Amino acid sequence: MISLIQLTQNLLAHNVTMLAQVEYSYSSSSQGQAPGPVFWICWLAIMILVIAGCWKVFTKAGHPGWVSIIPIYNVYIWCKIVGRPGWWVILLLIPFVNFIIAIILSIDLAKSFGKGVGFGFGLALLGFIFWPILGFGSAQYQGPAVTAVSQSPPAP
């Protein structure tokens, strides 16, 4: 019985020591270190460009530019710009549904500025490129892409 206990302890002890065979030396790699200053400068420049692009888009649509930097309220105004009801903001809070709604809003925004569906997908998936293009480009706001008539159910 004692030999069985010793055998079990030796097997367990041996397996546990095998788990501890990981080297945590960071001397030759960059794992575990914060990004350098070049990364933060590039990130800040991109964020300023995106914010300025959003600001211009809201201004072109006839709303104050500062609305673009207020969380949740900016999405509410975005819904109003494209002609969707304001309660769609709630749909953006539901996981997985929010992806579909964001794509629909992006396509509607592109159509509101005279762009196509492809540009709308670009707004949704590569916003850091397409929002500044929409804001600083020559596109003009043409009114909501979705009108009240197209949202209402058909008459019986």
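Restricting the chymotrypsin sites (Phe, Trp or Tyr not before Pro) of region 60-156 to loop positions (DSSP other than H, G, I, E, B) with no more than 12 neighbouring Cβ atoms within 10 Å leaves Trp87, Phe96.
In region 66-156 the Cα-Cα distances spread across 5 Å bins starting at 0 as 3, 14, 21, 28, 20, 9, 3, 1, 1, 0 percent of all pairs. Fully extending the segment from Phe121 to Trp43, taken as 0.36 nm per residue of separation minus the present Cα-Cα distance, adds 25.8 nm. Other residues with beta-carbon under 14 Å from the beta-carbon of Ser138 carry, at +1 per Lys or Arg and -1 per Asp or Glu, a net charge of +3. Ignoring any ligand, DNA or RNA, what whole percent of the accessible area of region 79-134 comes from carbon and sulfur when the probe is 1.4 angstrom? Ligands and nucleic acids excluded, carbon and sulfur give 79 percent.
The values are calculated or read from the model by the stated rules, or taken from the named source; none is laboratory data. The structure displayed is predicted, hence computed values, not measured ones. With ideal geometry, Cβ positions are generated from the backbone for all residues, glycine too; neighbour counts draw on all protein chains shown. For the accessible areas, the whole protein counts, side chains as well, though only heavy atoms, and no ligand, DNA or RNA atoms are used. Shrake-Rupley method; radii C 1.70, N 1.55, O 1.52, S 1.80 Å.
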